[in-house]
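We did not get these values from a lab; they are worked out from the coordinates using the rules stated. Predicted model only: the values in this text are computed from it and were never measured. Because the Cβ atoms are built from the backbone with ideal geometry, glycine has one as well, and the counts that use them run over all protein chains shown.
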Amino acid sequence: MGGRLAGKVALVTGGAGGIGAAIVRAFVSQGARVVIADRAEDAGHRLQAELCEMARFLRLDVTRSEQWADVVAETVETFGALDILVNNAGTVHALKPVDKVTDAEWDMVLSVGLTGAFYGTRAAVAPMRARGGGAIINMASIMGLHGANGSVGYCAAKSGLRGLTKAAAADLGRHGIRVNAILPGLIDAGMGKGLEYNLRQVPIRRAGLPEEVAAMAVFLASEEASYTTAGEFTVDGGDAGARVLG
């Protein structure tokens, strides 16, 4: 199979649904073989069945570093390499002000959205170095740029993910490993689906589609982005950069 990612092997966390599933499908359409890493076993197996031999579902709790080691090793054993990692898994706590967020809620959001991405990045280095390079894509958010009320854990995790992206890019560039972040705005999938939002303030006055985020991921994973690292790429209809007043 040809395509912009032909011959590449990718691992996508949170890959069984929403933006993650859109990325998995887009990568496969461009010739990559993909490991769907998620805790949602039923959805993961359904997606694997849809994509046949081009995909494999592996259960992964991103907050468990030992599971990362096992999943990366199984990825290499199954497909022979690891070229692309998408740290897409994330979660939120209930909307509430900072003084009402519990220790458990804070720890949950940070462990999935930030620590999990650190574990994944660390685990991916050795197989990517063995291939002479690779691409790591972190799914941040415009909420890591400007914050939002009631979302202190999510905003902190996404802001931290931006810092992780830049520091890892500085560490890994010499090994040919590029690290970039995608910052979606309101996307009609997953946590964004059905969310009340004032679309009048967004220059492109609609919610985004998961396929539009996936298109950015394909670019960053491909050789078209070979001189691109430590970057932040918004897919938000202009929400973070320009507000429509009135």
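Each Cα pair under 8 Å and six or more residues apart adds its sequence gap; the mean of these over the residue count of the chain is a relative contact order of 19 percent. Taking amide H as placed 1.01 Å from N in the peptide plane, G231 has its amide H under 5 Å from the amide H of A181, each at least 5 places away in sequence or on another chain.
When you work out D = kT/(6 pi eta Rh) for the stretch 53-158 at 25 °C and 0.890 mPa s, using the Kirkwood radius from C-alpha pairs as Rh and the Stokes-Einstein form, the result is 164 µm²/s. The ranking of V24, V101, V112, V244 from fewest to most other beta carbons within 10 Å of each one's beta carbon is V244, V101, V112, V24.
For the chain, taking the reciprocal of the average inverse distance between every pair of different Cα atoms yields a Kirkwood hydrodynamic radius of 17.9 Å. Name the residues whose placed amide hydrogens come within less than 5 Å of the amide hydrogen of L11, ignoring near sequence neighbours (fewer than 5 apart) on the same chain. HN-HN under 5 Å from L11: V35, I84, L85, V86. Per residue, the convex hull around the alpha carbon atoms of the stretch 32-97 comes to 108 Å³. A DSSP coil position with no more than 13 other Cβ atoms inside 10 Å describes none of the trypsin sites (Lys or Arg not before Pro) in the stretch 24-100.
Net charge in the neighbourhood of L172 (other residues with Cβ under 14 Å of its Cβ; Lys, Arg +1, Asp, Glu -1) is +4. If only the Cβ of Lys and Arg carry +1 and only the Cβ of Asp and Glu carry -1, the dipole of the chain around its Cα centre is close to 500 debye.
If you take all other residues with their beta carbon under 9 Å from the beta carbon of P184, and give Lys and Arg +1 and Asp and Glu -1, the sum is -2. The chymotrypsin sites (Phe, Trp or Tyr not before Pro) found in the stretch 136-234 that occupy coil by DSSP, while having at most 16 further C-beta atoms within 10 Å, are Y197, Y227.
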